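The values are calculated or read from the model by the stated rules, or taken from the named source; none is laboratory data. Please read all numbers here as calculations on a predicted model, not as lab measurements. As a convention, Cβ positions derive from the backbone with ideal geometry for all residues, glycine included, and neighbour counts pool all protein chains shown. Keep in mind that these areas ignore ligands, DNA and RNA; they rest on the heavy atoms of the full protein, side chains included. Shrake-Rupley method; radii C 1.70, N 1.55, O 1.52, S 1.80 Å.
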Protein chains: 2
Amino acid sequence: MAIEHAILVSLLEQPGSGYELARRFERSIGYFWTASHQQIYRVLKRMENDGWVDVRDVPQHGRPDKKEYSVADLGRAALSSWLHEPVEPESLRHDLAVKIRGAAFDDPATLIGEVERHRQAHSERLARYLAGEERDFTGAEARRPAAAPPDAGRELQHVVLRGGIAYERMTLAWLDDVLATLHRLVPER
Amino acid sequence: MAIEHAILVSLLEQPGSGYELARRFERSIGYFWTASHQQIYRVLKRMENDGWVDVRDVPQHGRPDKKEYSVADLGRAALSSWLHEPVEPESLRHDLAVKIRGAAFDDPATLIGEVERHRQAHSERLARYLAGEERDFTGAEARRPAAAPPDAGRELQHVVLRGGIAYERMTLAWLDDVLATLHRLVPER
DNA sequence: CTTGCCTATGCAACGAGTTGCATAGAAGGA
DNA sequence: TCCTTCTATGCAACTCGTTGCATAGGCAAG
């Protein structure tokens with residue numbers, strides 16, 4: 001119900017093509033909302049028909065032309081009205097949790113490798129988030145003169161990123177808990 | 001890709017009807033995997049056709065008869081093979097994060113009420129989880145004689161619940177961070 | 001020179017999930 | 001008495017998201 005809105009936000013932060021949006025969804029925006037390029041193209045077309053976005057053909061040399069999308073007035077209005085209506089607090093879809101409870105009816109040892117894999121993946125995500133934070137928010141380069149006006153967009157992007165960091169840290173701690181529990185249940189004789 | 005597996009785990013823990021499963025999905029299992037009754041009935045029918053579950057008609061007095069499902073050998077095998085194959089580390093779908101970044105292009109003040117609502121909902125979830133932990137795992141009633149064999153299923157259910165608790169605590173702390181950030185951006189003059 | 005990757009856009013088919021509606025008897029409160 | 005809630009099962013329509021495939025030029029490595 002909200003891919004449109006994620007795209008609107010991303011295009012407001014920076015206009016771009018479907019392809020560029022797809023890459024952003026692999027990075028910043030995608031940290032808390034994923035989308036494949038097929039889906040993005042389909043939704044962009046619908047948004048164009050609804051007058052939410054404007055398109056501009058951008059010829060390029062050495063690579064295919066692209067269509068640069070930007071947010072139209074109708075799109076801005078749609079985003080605004082969505083921001084004013086309540087959304088449900090999210091609920092988790094956690095395959096791994098199902099597997100862990102399922103392990104009671106199988107050999108818990110088979111899960112150890114899987115949990116370690118997830119731990120690795122989350123550890124890499126955390127490293128990426130922290131690098132992004134250092135680069136964009138807390139690094140020396142990122143610091144601006146004290147007189148500069150506080151930038152609401154920057155502040156809000158940062159607090160969302162802090163959420164991602166907190167999530168990954170919590171998940172890593174939990175996965176360690178899971179591993180300790182599994183090792184207790186499977187004493188390697 | 002895994003509602004079937006969540007149902008199999010739930011039925012292995014305790015056989016039951018579609019209606020009972022739907023209620024479990026509102027409680028324990030549903031803490032990390034949600035499903036509506038319509039979906040559950042549809043999937044149960046498919047699982048029955050595939051021979052993953054057995055059905056038994058249970059006549060009741062004073063209320064409609066029910067169909068009690070239990071896991072068949074094929075279902076157990078399907079669960080086992082799923083447990084042995086890797087799943088992708090989950091990625092978040094967080095409407096609120098999109099809204100927060102979107103607030104940069106609208107009035108951030110409108111979000112404060114929404115964030116407080118989410119805070120309230122997560123606070124209630126945490127209270128429910130903690131009550132469940134006290135009741136089933138750490139309470140005096142729950143304690144069993146030291147000589148009792150360690151129950152793998154119980155241990156695994158508990159570590160999953162600890163994950164839910166950690167998630168809610170982390171989310172509450174983050175929402176406080178978000179609220180502080182929003183109040184900083186909207187100094188109520 | 002061929003193989004594979006990167007940019008760039010898109011269709012078609014399928015599967016998963018949501019929303020709305022329907023049925024039906026029993027129990028309990030206004 | 002009527003209205004709502006609870007138990008219990010299910011269909012139909014729709015939207016959302018994934019997977020597989022297709023096209024096509026440029027660029028770099030082997």
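Would you mind counting up the charge near residue A:83? Only other residues with Cβ under 14 Å from its Cβ, with Lys and Arg at +1 and Asp and Glu at -1. It works out to a net charge of -2.
Helical content alone sets the calculated 222 nm signal of the protein assembly as shown at -19500 deg cm²/dmol, taking -39,500 (n - 2.57) per DSSP H segment of four or more residues and averaging over every residue.
Segment A:78-144 and segment B:86-137 have their alpha-carbon centroids 14 Å apart. Interface area, chains A and B: about 6700 Å² of buried accessible surface, summed, with a 1.4 Å probe and ligands, DNA and RNA left out.
Each of residue B:19 and residue A:169 was given a label point 7 Å from its Cα along the Cα-to-Cβ line. The distance between the two points is 4.7 nm.
Here is the tail figure for segment B:95-185: Cα pairs spaced more than 19 Å apart come to 53 percent of all pairs.
Ordered from longest to shortest, the equivalent ellipsoid semi-axes for chain A are 38, 22, 17 Å, each the square root of 5 times a Cα gyration tensor eigenvalue. Helix B:73-84 axis versus longest C-alpha principal axis of chain B: approximately 40°, rounded to the nearest ten. Specify the inter-centroid distance of segment A:41-69 and segment B:39-57, based on alpha-carbon positions, in whole Å. The distance from the Cα centre of segment A:41-69 to that of segment B:39-57 comes to 46 Å.
Rolling a 1.4 angstrom probe over the protein heavy atoms with all chains in place gives segment B:95-185 an accessible area of 46 Å² per residue. When the pairs A:45/A:67; A:45/A:66; A:66/B:99 are compared against a 21 Å limit on Cα-Cα distance, A:66/B:99 fall above it. A simple rule links phi to the HN-Hα coupling: the Karplus curve 6.51 cos²θ - 1.76 cosθ + 1.60 with θ = phi - 60°, which for segment A:176-184 gives 5, 4, 4, 4, 4, 5, 4, 5, 5 Hz, with x for Gly and Pro. For segment A:3-84, the alpha-carbon coordinates run over 44, 27, 20 Å along the three principal axes, in decreasing order. Across peptide A:79-91, the mean count of Cβ atoms from other chains lying within 10 Å of each residue's own Cβ comes to 6.
Calculate, in nm to one decimal, what residue A:67 and residue A:85 gain on full extension: separation in residues at 0.36 nm each, minus their alpha carbon distance.
Numbers: separation 18, 0.36 × 18 = 6.48 nm, distance 3.12 nm.
Extending this stretch completely gives an extra 3.4 nm.
Residue by residue, segment B:57-68 carries 3J(HN,Hα) couplings of 6, 10, x, 10, 9, x, 8, x, 4, 10, 9, 8 Hz when phi is fed to the Karplus relation 6.51 cos²θ - 1.76 cosθ + 1.60 (θ = phi - 60°); x denotes Gly or Pro. Along its three principal directions, the equivalent ellipsoid of the protein assembly as shown from the Cα gyration tensor extends over semi-axes of 42, 25, 22 Å, largest first. Computed with a 1.4 Å probe on the full set of protein chains, the accessible area for residue B:133 sits at about 30 Å². Across segment A:49-91, the fraction of Cα-Cα pairs farther apart than 15 Å, rounded to a whole number, is 61%.
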